[in-house]
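In what follows, a single structure is set out as structure tokens and then discussed.
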């Protein structure tokens, strides 16, 4: 039969109380540790630059307004350029990181590469390099996936769709599988070119991004 001495029982009780005390102290310290304001850098193309609509109606501007109301308020830098490619983004990113020192980098690029028929491995390598640069600069990364019409055949379209998940998985980055989910198939939410979302669609784009971004803040 297992016998517990009085000394052993007292020691166990003391250790239990000490453990509870340490948990309470840790919780108090965590509660008193202030959350620092963060800088979010969005580097993308026309979809994030607000092509065809007023820039302050775009999803990035809506994000800026949203995080400005948080405690503490966070800052958003929109470094998106209409027509940009992953090659252009890769060339611009080091300077953007140096200037803005972002805590989070949101990458929305690749659509223009695909419309030009660039090889998938070339696009993917550029995205990999951008994620590496961002993480090396101390930033968390969100990769925003884009889908394209099947103009270049099913194989190219499928490889392009899978590319974003591959990039995010390798780097441990957050992923939004399709930025225009719920928008691209709704003609009422797309501009006449069939590529760019309308102003009315921008809140939906932000809704698609927010679940992946919010935990990083």
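The values are calculated or read from the model by the stated rules, or taken from the named source; none is laboratory data. Keep in mind the model is a prediction, meaning the values are calculated, not measured. Virtual Cβ from ideal backbone geometry, glycine too; neighbours counted across all protein chains shown.
Per the listing 87, 117, the residue uniquely in contact with a helix residue (DSSP H, G or I) (Cβ under 7 Å, 6 or more places away or on another chain), in contact (Cβ under 8 Å) with a residue 24 or more places away in the chain and at positive phi is 117. Look at residue 198 and say whether it is surrounded by fewer than 18 Cβ atoms within 10 Å (Cβ to Cβ) and either without any contact (Cβ under 8 Å) to a residue 40 or more places away in the chain or out of contact with any strand residue (DSSP E or B) (no Cβ under 8 Å at 6 or more places or on another chain) (or both). No; evaluated as a whole, the condition is false for this residue.
Selection over the stretch 133-191 of residues that are in a loop (DSSP other than H, G, I, E, B), free of Cβ contacts under 8 Å to residues at least 40 places away in the same chain and surrounded by 15 or more Cβ atoms within 10 Å (Cβ to Cβ) gives a count of 8.
Scanning the stretch 81-106 for residues that are buried (at least 17 other Cβ atoms within 10 Å of the Cβ), outside any loop (DSSP other than H, G, I, E, B) and in contact with a strand residue (DSSP E or B) (Cβ under 8 Å, 6 or more places away or on another chain) gives 89, 93, 96, 97, 100, 104, 105, 106.
Here is a yes/no grid of residues against (1) under 16 Å from the mean Cα position of the chain (by Cα); (2) at pLDDT below 95; (3) over 15 Å from residue 44 (Cα atoms):
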residue: 150; (1), (2), (3): no, yes, yes
residue: 153; (1), (2), (3): no, yes, yes
residue: 157; (1), (2), (3): no, no, yes
residue: 160; (1), (2), (3): no, no, yes
residue: 172; (1), (2), (3): yes, no, yes
residue: 177; (1), (2), (3): yes, no, yes
residue: 199; (1), (2), (3): no, no, yes
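Evaluation of residue 41 against the conditions (1) more than 15 Å from the chain's Cα centre (by Cα); (2) in contact (Cβ under 8 Å) with a residue 40 or more places away in the chain shows that the sole unmet condition is (1).
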